[in-house]
Amino acid sequence: GNKTILDSQLEVYRSLNIKNINIIVGFKKNKFKIKEVNYIYNKNFKKNNILESLFCASKKINKKCIISYSDIIFKKSIVSKLMKSRSDVSILVDTNWKKIYRGRTDHPITQAEKISFNKNLILKEAGKNLEEKNTKGEFIGMLKLSKKGSKLFKLYYKKAKLDFKKKSFYNAKNFKQAYLTDFFNYLINKKIKIKCILIKNKWMEIDTTQDYKRAQNFFTSH
């Protein structure tokens with residue numbers, strides 16, 4: 001429509017009374033001019049990936065908080081559902097995930113951040129390399145941490161960064177190139193429970209021009 005992707009996100013957050021908002025910027029940081037948000041600069045954006053970029057904001061991960069990718073749009077209802085979770089670490093998982101990839105030729109299903117969980121909805125495995133037959137959903141790029149969850153996230157991030165300094169990190173060739181899903185797998189191995197909050201669509205990722213065109217009617221057709 002007539003809004004930026006970030007403006008669409010912020011409208012949802014503010015409607016849910018989420019006001020303390022931080023945005024991590026890197027490439028063309030001066031293009032971001034949204035008011036009443038705090039900007040955090042990832043000076044190493046050319047060399048690192050999602051996990052390292054996120055922890056540029058480690059000082060802000062100290063209470064109950066929501067963490068989100070900045071290239072997704074979504075309906076208020078799924079954020080509201082996530083906020084109600086009482087688990088220390090909760091992630092939004094789309095169980096109708098394959099529908100999103102129909103006709104999406106520029107961003108194929110192999111790029112999905114696939115998820116497997118048990119009968120109690122506790123995460124078992126995550127990542128793009130997860131076999132489709134074992135996949136129960138897709139991580140949409142949004143999670144919620146309790147106050148304790150924030151402490152656990154930071155504690156184990158520091159441990160992982162130290163332990164994997166010169167090694168591959170799950171599906172990443174090194175720690176700097178790690179995705180959040182790599183970190184989830186590490187947390188699973190450390191016996192940290194990650195609760196999967198299940199949804200069916202009501203969100204879109206915008207990675208390509210094709211995605212952008214498909215997203216034009218998202219807020220009127222869903």
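The values are calculated or read from the model by the stated rules, or taken from the named source; none is laboratory data. A quick note: this is a predicted structure, and the numbers were derived from the prediction, not measured. Note that we place each Cβ from the backbone using ideal geometry, even for glycine, and neighbour counts take in every protein chain shown. Surface accessibility is based on the protein's heavy atoms, side chains included, excluding ligands, DNA and RNA. Shrake-Rupley method; radii C 1.70, N 1.55, O 1.52, S 1.80 Å.
Out of all the residues in the stretch 47-88, which are hydroxyl-bearing (Ser, Thr, Tyr) and part of a helix (DSSP H, G or I)?
The answer is SER53, SER58, SER77, SER80.
In the stretch 133-146, which residue that is open to solvent by 10 Å² or more (accessible area, probe 1.4 Å) and not polar (S, T, N, Q) is nearest to LYS84 (Cα to Cα)?
Checked the stretch 133-146; the qualifying residue nearest to LYS84 (Cα to Cα) is LYS144.
Limited to the stretch 21-40, what total is found for residues that are in contact (Cβ under 8 Å) with a residue 12 or more places away in the chain and exposed (fewer than 12 other Cβ atoms within 10 Å of the Cβ)?
Within the stretch 21-40, residues that are in contact (Cβ under 8 Å) with a residue 12 or more places away in the chain and exposed (fewer than 12 other Cβ atoms within 10 Å of the Cβ) number 3.
Yes or no, residue by residue, for (1) of a type in the set (D, E, K, R); (2) open to solvent by 80 Å² or more (accessible area, probe 1.4 Å); (3) within 18 Å of the chain's Cα centre (by Cα):
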| site | (1), (2), (3) |
| --- | --- |
| ILE109 | no, no, yes |
| PHE117 | no, no, yes |
| GLU131 | yes, yes, no |
| LYS148 | yes, yes, no |
| LYS154 | yes, no, yes |
| ASP182 | yes, no, yes |
| LYS190 | yes, yes, no |
| LYS202 | yes, yes, yes |
| PHE219 | no, yes, no |
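Quick one: which residue in LYS75, LYS43 is more than 14 Å from the chain's Cα centre (by Cα), among the basic types (Lys, Arg), farther than 16 Å from TYR179 by Cβ and open to solvent by less than 60 Å² (accessible area, probe 1.4 Å)?
LYS75
Taking the stretch 171-205 on its own, how many of its residues are assigned to a loop (DSSP other than H, G, I, E, B) and touching a strand residue (DSSP E or B) at 6+ places or on another chain (Cβ under 7 Å)?
Number satisfying all stated conditions: 9.
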